[in-house]
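Report on the following structure.
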Amino acid sequence: IKAVISGTGLYTPPAIIENDQLVEAFNQYVELYNDEHAEEIARGELTALQPSSSAFIEKASGIKRRHVIDRDGILDPKRMTPNIPDRDNEEPSVQCEMAIVACKEALEQAGKTPADVDAVIVACSNLQRAYPAISIEVQQAMGIDGFAYDMNVACSSATFGIQAAVNAVEKGSARAVLVVSPEICSGHLNFRDRDSHFIFGDACTAILVEREENTQAGQGFEILGTRLKTQFSNNIRNNFGFLNRADESGIGKPDKLFIQQGRKVFKEVSPLVADTIQGHLASLQLAPEDLKRMWLHQANLNMNQLIARKVLGRDATVEEAPVILDEYANTSSAGSIIAFHKHKDDLKTGDLGVICSFGAGYSIGSVVVRHR
Ligand code: CO8
């Protein structure tokens, strides 16, 4: 049994924050902080905070704007956190709501209904509660009979989820699996941290992985193989967790949000990713020059250009390595799938591509696909 990606879907939150707007709010916060602590700063007991800049953000990352669930809370210099009120248990969770939009689009694209699907995997960096699983809530909301589970491999959640879906389809435990990535990165981004306040946005993707025999000839992408790689690193970390309340220092510390050593990540992860893609292609008797497209994780434009150059041995064109980072910023595991969703329809029968995620863990997931 072969597995194919027969449909994809995307939910994009309508609210947008441009770099200039984000920087304006950050710089107001800096001014407020420096005024409030003027005496300690003057005595040399505290270091004054430095302002941010849009020019730096675009040059260092390639990001121009991001979509977010809540804009006002983030842009309030006294708050700097999205305002997403808790909901009643009888109401759908925010992640479930995002997931439904993306799942419906993926099913529609595939020409399928919930009755054709046997499993839902919610694969993302952060889940808004411990249990019941968000995926089971999505399963119910979609009206799917079968099984569902949540999984988290940070930025590589979606590609690792695709491998799990391929296994389920190929081993016969499901005819079709929805892999959904509702990423609310704004919820765990420290908007007071100059080094990283600009890097994330929110979005949700869905992918339908099906048995080839249940799809039409020429529909979607055959999955030729998946390769996963992890290597422990403290360079991207988020220490938020259920034991925080058992520690007297509480949950207010900066390391309970996203923290990273961006330079180190860039340096260490880029060669690992290029090696993983090249090794994966070689194991499938394919060469980098066979690739028509690379849908790379969308964290940093310079990093993607470097990885594409390492893989191809030359600069990639924007057609070969499409960019969605400028509009969405880093949406963690959703990023490479958004690139795939938006930049796959012009490919022709037989065209080869690789979806590749990379990030915290470190974790890398490579999915080689061929247009049918
Ligand atoms: N405005 C102006 N100047 C700034 C700013 C700013 N906002 N921030 C830093 N600077 C200054 C610094 O002070 C420094 O000045 P100096 O040279 O005088 O010391 C200078 O700019 C350069 O700073 P950096 O070396 O930090 O800048 P870089 O060129 O390295 O760019 C990046 C920073 C953009 C963060 C870059 O390092 C990067 O993108 N690295 C790769 C990171 C990456 O891929 N991370 C993976 C992210 S993890 C992930 O994708 C998912 C994780 C799990 C999900 C989490 C969801 C929240």
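The values are calculated or read from the model by the stated rules, or taken from the named source; none is laboratory data. The structure displayed is predicted, hence computed values, not measured ones. Every residue, glycine as well, gets a Cβ built from its backbone with ideal geometry; the counts of neighbours run over all protein chains shown.
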Pairs where the first residue, in the range 185-202, is of a type outside the set (Ser, Thr, Tyr) and the second is in a loop (DSSP other than H, G, I, E, B) and near the ligand (Cβ under 6 Å from one of its atoms), C-beta under 6 Å, 6+ apart: Cys185/Ser332; His188/Phe258; Leu189/Phe258; Arg194/Ser52; Phe200/Leu189
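If only one of Ala299, Ala282, Ala246 is touching a Phe, Trp or Tyr at 6+ places or on another chain (Cβ under 9 Å) and either of a type in the set (A, V, I, L, M, F, W, C) or modelled with pLDDT under 95 (or both), which one is it? Give the steps one after another, and end with the answer.
Details: Ala282 fails: touching a Phe, Trp or Tyr at 6+ places or on another chain (Cβ under 9 Å); Ala246 fails: touching a Phe, Trp or Tyr at 6+ places or on another chain (Cβ under 9 Å).
It is Ala299.
Could you please find all residues in the range 50-72 being within 16 Å of the ligand (Cβ to nearest atom) and outside any loop (DSSP other than H, G, I, E, B)? Step through it out loud before you land on a result.
Here is the first cut: in the range 50-72, the residues within 16 Å of the ligand (Cβ to nearest atom) are 50-70.
Scanning the range 50-72 gives Ser54, Ala55, Phe56, Ile57, Glu58, Lys59, Ala60, Ser61, Arg65, Arg66, His67, Val68.
Going through the range 219-241 one residue at a time, which ones are of a type in the set (Gly, Ala, Ser) and in contact (Cβ under 8 Å) with a residue 12 or more places away in the chain?
Step one: filter the range 219-241 for residues of a type in the set (Gly, Ala, Ser), giving 220, 225, 233, 241.
Those that are of a type in the set (Gly, Ala, Ser) and in contact (Cβ under 8 Å) with a residue 12 or more places away in the chain: Gly220, Gly225, Ser233.
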Which one is surrounded by the most Cβ atoms within 10 Å (Cβ to Cβ), of the residues in the range 160-201 that are in contact with a Pro (Cβ under 7 Å, 6 or more places away or on another chain) and under 23 Å from Ala133 (Cα atoms)? Ser186
Is it the case that some residue within the range 35-56 is in contact with a Gly (Cβ under 8 Å, 6 or more places away or on another chain), small (Gly, Ala, Ser) and buried (at least 21 other Cβ atoms within 10 Å of the Cβ)? no
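Of all residues in the range 27-49 being of a type outside the set (Ser, Thr, Tyr) and not in a helix (DSSP H, G or I), which is farthest from the ligand (Cβ to nearest atom)? Explain how you work it out, then say what you get.
Quick first cut of the range 27-49, residues of a type outside the set (Ser, Thr, Tyr) only: 27-28, 30-32, 34-46, 48-49.
Right, trim to not in a helix (DSSP H, G or I) and you get 37, 43-46, 48-49.
Numbers: His37: 19, Arg43: 23, Gly44: 20, Glu45: 21, Leu46: 17, Ala48: 13, Leu49: 11 Å.
Top of the filtered list is Arg43.
So is Val4 aliphatic (A, V, I, L, M), part of a strand (DSSP E or B) and within 30 Å of Ile162 (Cβ to Cβ) or not?
Yes; evaluated as a whole, the condition is true for this residue.
For the range 249-293, give me the residue count where each residue is of a type in the set (Phe, Trp, Tyr) and either surrounded by 19 or more Cβ atoms within 10 Å (Cβ to Cβ) or away from the ligand (no atom under 15 Å from the Cβ) (or both).
Initially, the range 249-293 is screened for residues of a type in the set (Phe, Trp, Tyr), giving 258, 266.
Now narrow it down to the ones that are either surrounded by 19 or more Cβ atoms within 10 Å (Cβ to Cβ) or away from the ligand (no atom under 15 Å from the Cβ) (or both): 258.
Qualifying residue count, the range 249-293: 1.
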Starting from residues that are within 13 Å of the ligand (Cβ to nearest atom) and of a type in the set (D, E, K, R), keep the ones in the range 1-26 and report whichever is nearest to the chain's Cα centre (by Cα). Asp20
What's the number of the condition Gln305 fails, among (1) within 16 Å of the ligand (Cβ to nearest atom); (2) without any contact (Cβ under 8 Å) to a residue 60 or more places away in the chain; (3) crowded, with 19+ Cβ neighbours inside 10 Å; (4) of a type outside the set (Asp, Glu)? (3)
Exactly one of Asp275, Asp326, Asp290, Asp351 is farther than 22 Å from Leu10 by Cβ and in contact with a Lys or Arg (Cβ under 9 Å, 6 or more places away or on another chain), and that residue is Asp275
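Which residue is farthest from Gln231 (Cα to Cα), if the candidates are limited to the range 340-358 and must be more than 16 Å from the ligand (Cβ to nearest atom) and in a strand (DSSP E or B)?
We begin by selecting, within the range 340-358, every residue more than 16 Å from the ligand (Cβ to nearest atom); these are 340-354.
Among the residues that remain, those that are also in a strand (DSSP E or B) are: 352-354.
Values: Leu352: 27, Gly353: 25, Val354: 21 Å.
Looking at the filtered set, the residue picked out is Leu352.
Condition check ((1) away from the ligand (no atom under 14 Å from the Cβ); (2) assigned to a loop (DSSP other than H, G, I, E, B); (3) among the small types (Gly, Ala, Ser); (4) modelled with pLDDT of 95 or more) across all residues:
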{"position": "Asp145", "(1), (2), (3), (4)": "yes, yes, no, yes"}
{"position": "Ala164", "(1), (2), (3), (4)": "yes, no, yes, yes"}
{"position": "Val169", "(1), (2), (3), (4)": "yes, no, no, yes"}
{"position": "Val177", "(1), (2), (3), (4)": "yes, no, no, yes"}
{"position": "Ser181", "(1), (2), (3), (4)": "no, no, yes, yes"}
{"position": "His197", "(1), (2), (3), (4)": "no, yes, no, yes"}
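To keep it simple, each residue is scored yes or no on (1) part of a helix (DSSP H, G or I); (2) more than 16 Å from the ligand (Cβ to nearest atom).
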{"site": "Gln109", "(1), (2)": "yes, yes"}
{"site": "Lys112", "(1), (2)": "no, yes"}
{"site": "Val138", "(1), (2)": "yes, yes"}
{"site": "Tyr149", "(1), (2)": "no, yes"}
{"site": "Gly161", "(1), (2)": "yes, no"}
{"site": "Ala174", "(1), (2)": "no, yes"}
With the requirement that a residue be near the ligand (Cβ under 10 Å from one of its atoms) and either of a type outside the set (Lys, Arg) or buried (at least 20 other Cβ atoms within 10 Å of the Cβ) (or both), what does the range 203-239 give you? Asn235, Ile236, Asn238
Checking Gly365, Gly313 in turn, the sole residue that is on the phi > 0 side of the Ramachandran plot and either touching a residue at least 24 places away in the same chain (Cβ under 8 Å) or away from the ligand (no atom under 13 Å from the Cβ) (or both) turns out to be Gly313
